[in-house]
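Notes for the one structure printed next.
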Amino acid sequence: MSNETYQLIAVVFYLAAMLWIGWYAYKKTQNLTDYMLGGRSLGPAVTALSAGAADMSGWLLMGLPGGIYVTGMADAWIAIGLTIGAYANWFFVAPRLRSYTQVANDSITIPSYLENRFQDTTKLLRIVSGLVILIFFTFYVSSGIVSGGVFFESSFGMDYHTGLLIVGGVTVAYTLFGGFLAVSYTDFLQGLMMLVALLLVPTLAIFQTGGPAETFDTIKAVDPTHLDFLKGTTFIGIVSALAWGLGYFGQPHIIVRFMAITTVKEIKSARRIGMSWMIFSLIGTIFTALIGIAFFEKHTEYTLSNPEAVFITLGQILFHPLVSGFLLAAVLAAIMSTVSSQLIVTSSALVEDLYKVLLRKDGSDKEYVFLGRMAVLVVSVIAAILAFEQDNTILNLVAYAWAGFGGSFGPVILLSLFWRKMTNWGALAGMVSGAVTVILWANLTEAGVIPFQLYEIVPGFIINLFFSIVVSLITYKHNEKIEKAFNESVALIKHDK
């Protein structure tokens, strides 16, 4: 049996397991709340690992190691920013959002939460936030499908488009049928796979490069500045990298996990599990890239054609084909976990926040669940079309979508949870101004109109924060219902603690 056959067996087994989990979740999905939010029944471990797996995507095993392999530790500033941002998200946003979405008419999506939080009778806030989710998640899902095509192309020599269709097809199948529960359960398993894989590869690889001291000597011989955190960076560059952490406050596919955990009390355990997972995974990613430099310098009989495939290539070289097949499946898990999470949130926005608001608010749960599944299918097809021509790197696609959500939702979510005087008009002004700023900044920078490379999330976040505060102060009027709900959400946190 050939090496490739062993690897393919492992990958097929993994894909079959994902489909089985989708079928299991399908059996447990009875209504729209189950389909969109899993009935708020997630335990701390599933919440933590599903949030982490949904967050990291193929970027963790392909984009980031590829960046560090090429440019060195300067790219690790992104990992530092993300770690700080993730902890702040768990500490500040998670408990408040879990309690407030319960108090605010048991909201099951971010747009519905914003409408209920601000008692917005115009429906504008819900519609606009639903459209923002739809636009940016289509790009985000597209980046995941690109990762899938690159994965099968690098691993099995398949045509890029064939790989794209395999990843898209299986992910759509278990998401479409199993909904939020399928996404969360598969994310939990995928998170475990990613962690084990990221610890195994650098651990074994460093023995093939002469141990820690010799490995780092080799890296220095290849390029002395490769271990320099400041190599080729500027102050603006470091700010841009750290600013990735700001994006966490506005990522619907991550913060929706906070809404789904069983109680506020379990968030502390979930935070510890989630942050431990994240730190170990990022360390594994960084060492995979660095050790990869030494490995390919010492073992010239091997070549690395694509830096973003350094993890995949090392796994194929170092392990038995069946084990390397598991490692390949871990890469696939990273890709599919994020795509599925984004699809279910996009589906929620289309059905719960656009269709129900604009067209039919008195339909049955059966109708809404069916439409949610159709929404998964439609968004997937559009994202696949966008991904068909691979004309951008994974990291660039992710960076744009991440900035879009961070700039659109981040300040709005934070202020809505902690500031009583925020209004629906302030939230709307902040969201729109943030989204527009991100889009304009990214395009003007690419066109050379803006002469410096500042990550678009920074101006987007600042502009959003400014307009949210100013417009809220201008339009604020005391509302007894809003005050009562705010107080109840705070009381619920204290009670559950």
**Fill in**
Taking the dipole of the chain about the Cα centre (Lys, Arg +1; Asp, Glu -1; charges at Cβ), the one of 461, 425, 254 that reaches farthest to the positive side is 425
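How many lysine pairs in the stretch 3-390, separated by 8 or more positions in sequence or lying on different chains, have Cα atoms less than 20 Å apart? Kindly include the intermediate steps, with their values, before the conclusion.
On the way: 27/366; 28/366; 123/356; 123/361; 220/231; 220/298; 356/366.
Final tally of qualifying lysine pairs is 7.
So for the stretch 336-477, averaging the separation of alpha carbon pairs under 8 Å that are six or more residues apart and normalising by length, what relative contact order in percent results? Display every interim value, and only then the final one.
Values: 144 pairs, mean separation 34.5, N = 142.
Averaging sequence separation for qualifying contacts and normalising by length gives 24 percent for the stretch 336-477.
For the stretch 286-355, what relative contact order do you get, as a whole percent, if you take Cα pairs closer than 8 Å and at least 6 residues apart?
Reported as a whole number, the value is 20 percent.
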**Fill in**
Computed D for the chain, Stokes-Einstein, Kirkwood radius over alpha-carbon pairs, 4 °C, 1.567 mPa s, to the nearest µm² per second, is 57
**Message:** Charges at C-beta only: +1 for Lys and Arg, -1 for Asp and Glu. How large is the resulting dipole of the chain about its Cα centre, in Debye rounded to 20?
**Reply:** 1940
**Item:** Local electrostatic count at residue 115 - Lys and Arg +1, Asp and Glu -1, tallied over other residues with Cβ under 14 Å
**Value:** +2
**Prompt:** What list of ³J(HN,Hα) couplings, whole Hz, do you get for the stretch 206-221 from phi and the Karplus terms 6.51, -1.76, 1.60, once you set θ to phi - 60° and write x for glycine and proline?
**Reply:** 5, 6, 7, 10, x, x, x, 4, 5, 4, 6, 5, 5, 4, 5, 5
**Complete:** Longest principal axis of the chain (C-alpha) makes with the long axis of helix 3-28 (C-alpha) an angle, in degrees to the nearest 10, of 20
**Item:** Neighbourhood charge, 14 Å Cβ-Cβ cut-off, centred on residue 88 and excluding it, Lys, Arg +1 and Asp, Glu -1
**Value:** +1
**Item:** Histogram of C-alpha separations across the stretch 187-238, 10 Å bin width, %
**Value:** 21, 28, 30, 21, 0
**Item:** Mean Cβ count within 10 Å, highest first, over the residues of peptides 473-479, 342-348
**Value:** 342-348, 473-479
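Report, to one decimal in Å, the Kirkwood hydrodynamic radius for the stretch 260-404 based on all distinct Cα pairs. Each step should come with its number before you reach the end.
Details: mean 1/r = 0.0522 Å⁻¹.
Hydrodynamic radius (Kirkwood, Cα pairs) of the stretch 260-404 is 19.1 Å.
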**Message:** With angles folded into 0 to 90 degrees, how steeply does helix 321-348 sit against the dominant principal axis of the chain? Use alpha carbons for both and round to 10.
**Reply:** 20
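To make sure I understand, if each residue's beta carbon is the centre and we count other beta carbons within 10 Å, what order do 161, 320 fall in, fewest to most?
In increasing order of surrounding Cβ atoms, one gets 320, 161.
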**Over the chain: helical MRE at 222 nm, DSSP H runs n ≥ 4 each giving -39500 (n - 2.57), nearest 500** = -25500 deg cm²/dmol
**Prompt:** Nearest 10 degrees, 0 to 90: what angle lies between the long axis of helix 76-88 and the longest principal axis of the chain (Cα atoms)?
**Reply:** 30
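Magnitude of the Cβ-charge dipole of the stretch 109-226, K/R +1 and D/E -1, about the Cα centre, nearest 20 debye? Don't jump to the answer; show the numbers that get you there.
Values: 4 positive and 8 negative charges, 98 e Å.
Roughly 480 debye for the stretch 109-226.
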**Asked** When ranked by the protection proxy of mean other Cβ atoms within 10 Å per residue, highest first, what sequence do the peptides 214-227, 131-144, 7-20 form?
**Response** 131-144, 7-20, 214-227
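Computed from the coordinates by the stated procedures, all read-outs in this text should not be read as laboratory data. Just so it is clear, the structure is predicted and the values come from calculations on it, not from any experiment. Cβ coordinates were reconstructed from backbone atoms using ideal geometry, including for glycine residues, and neighbour counts include every protein chain displayed.
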